[in-house]
Amino acid sequence: MTQPNSAVSTLIGKVLADPDLAHSDVFRQMLQAGLQDLIEAETTATIGASRYERSQERTTRRNGTRKKTLATTAGEVDLAIPKLRKGSFFPSLLNPRRRVDKALYAVICQAWIEGVSTRKVDDLVRALGNESGISRSTVSRICADIDDGVSEFLDRRLDHTWFPYVYVDATYVDVRHRGRVVSQAVIVATGVSIEGRREILGMSIGDAETIDFWTQFLRGLRERGLKVASLDDPEGVSLVISDAHSGIKAAVTAILPGAGWQRCRVHFARNVTQKLGSAHSKPVNAMISTVFAQTSTEGVIAQYKQVASGLRSSYPDIADMLDAAEADLTAFAIMPREHWQKIWSNNPIERLNREIKRRADVVQIFPNRESVTRLIGAVLQEQHEEWQYGERRYLSEISMRRLLHILHDDNHPEPAPAVMHLTA
């Protein structure tokens, strides 16, 4: 319910007091005030209590706000999205998933028009209300609206803060090209800012995960303002987390020379399984996992050496793999203890890849590369906004201050630079 002293009531009072206010601006302000009142009402319903109200139904409390600018036909309106001490909140009236649905709609319709869709896509198009078809001009108009927003998001500057942690990974989609269906690599980078918040940094599409492709991608992030650390100024990318793809490692070394590299422990465990088979790898991976159960940097290093030594007689190949990967698998250990579980694997970005694949599986075969950028870019843009407006800090403010102390401490060991190791 709108409160008696709502933003709308306050604005009406201003208009009555000053009739000379510009009519267009009054309409914009009225829209902004109305939307803000609706957001406040939904927040109250979510929490179970209004501001300063004592209630047994209260589930949490407000914890400040985040700004969001909404484009409307009356102009841009600035809204305040409440933050909660527990859980997350994003007002339903802003429809956080609408952009993705529009992008999916546009891609499906484009595939249908160009005659490259499957029966499943045909059924989806009809389910969307297009029994009689949809014109190319309509699809082009929808695509243009989406493409402008996605392009602006993917090309935005990254120098508003700096990112000590960067995750990179790739997934693959099928694209129709010159009458053939080819597999295309979609690479994505996410980062955790020094404020402890996650952001989507960028994406790109290429034929394969080559060194040149990854190098070009990371160079593009630098050109957009991604700050690089150095010995004199450690405030930049401190650690890149990824799987052991040689193209990624070489690109990190060339483009982010001040960054350490953390090899994903989950991918390493898969490498062990591929080497030994499922049955024999279980006890070996169980031994390796004891490294990550330690609670101190010294404990991690000591246990790592002990595990490698213990496997030497029975599994010499695995012991060699551990020796070669020691600096890569233990790069996390010099960072704050609170960060370890979130930086020793690529799981955070793999969850994002699963959402990308879920949307891509609906399309099955993309009609062209532009449609891939349209849909996946929209998925990433929506995820970015949810992280910004609906998620608490990914890493706490206190732990980020501890990270700053570690990075600026000359007596603290620096993250090991990304070094090429040919062992898979």
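The values are calculated or read from the model by the stated rules, or taken from the named source; none is laboratory data. Worth saying up front: this structure is predicted, and the values here are computed from it rather than measured. Ideal geometry is used to build each Cβ from the backbone, glycine not excepted, and the neighbour counts take in all protein chains shown.
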**Asked** Applying the selection to the stretch 42-87, what residues are more than 29 Å from Tyr394 (Cβ to Cβ), surrounded by 11 or more Cβ atoms within 10 Å (Cβ to Cβ) and not hydroxyl-bearing (Ser, Thr, Tyr)?
**Response** Glu53, Ala74, Gly75
**Request:** Within the stretch 179-231, count every residue that is over 16 Å from Ile349 (Cβ atoms) and not aliphatic (A, V, I, L, M).
**Result:** 21
**Selected residue (only one of Val192, Val228, Val181 is assigned by TED's automatic domain parsing to the domain that holds Arg354, more than 17 Å from Ile343 (Cα to Cα) and in contact with a Lys or Arg (Cβ under 9 Å, 6 or more places away or on another chain))** = Val228
**Prompt:** Does any residue in the stretch 185-204 that is more than 19 Å from Ala229 (Cβ to Cβ) come within less than 6 Å, Cβ to Cβ, of a residue that is polar (S, T, N, Q) and surrounded by fewer than 20 Cβ atoms within 10 Å (Cβ to Cβ) six or more places away or on a different chain, and which pairs are these?
**Reply:** Val186/Thr171; Ile187/Ser204
**Fill in**
The residue from Val379, Val372, Val362 that alone is among the hydrophobic types (A, V, I, L, M, F, W, C), loosely packed, with under 15 Cβ neighbours inside 10 Å and at negative phi is Val362
**Residue count for the stretch 309-330, restricted to those that are out of contact with any Lys or Arg (no Cβ under 6 Å at 6 or more places or on another chain) and farther than 13 Å from Trp261 by Cβ** = 15
**Message:** Suppose we filter Ile349, Ile376 for residues that are in a helix (DSSP H, G or I) and touching an Asp or Glu at 6+ places or on another chain (Cβ under 6 Å); which single one remains?
**Reply:** Ile349
**Prompt:** When you look at Gly220, is it among the small types (Gly, Ala, Ser), at pLDDT 95 or above and assigned by TED's automatic domain parsing to the domain that holds Glu382, yes or no?
**Reply:** yes
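Only residues that are surrounded by fewer than 17 Cβ atoms within 10 Å (Cβ to Cβ) and of a type in the set (Gly, Ala, Ser): list them for the stretch 201-224, please.
Matches in the stretch 201-224: Ala208 only.
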**Message:** If I filter the stretch 245-263 for residues that are among the aliphatic types (A, V, I, L, M) and over 16 Å from Leu218 (Cα atoms), do I get at least one hit?
**Reply:** no
**Asked** Which residues, counting only those in the stretch 218-243, are assigned to a loop (DSSP other than H, G, I, E, B) and within 20 Å of the chain's Cα centre (by Cα)?
**Response** Arg224, Gly225, Leu226, Lys227, Gly236, Ser238, Asp243
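Does any residue of the stretch 43-51 turn out to be at pLDDT below 80 and of a type in the set (A, V, I, L, M)?
Checked the stretch 43-51: no residue is at pLDDT below 80 and of a type in the set (A, V, I, L, M).
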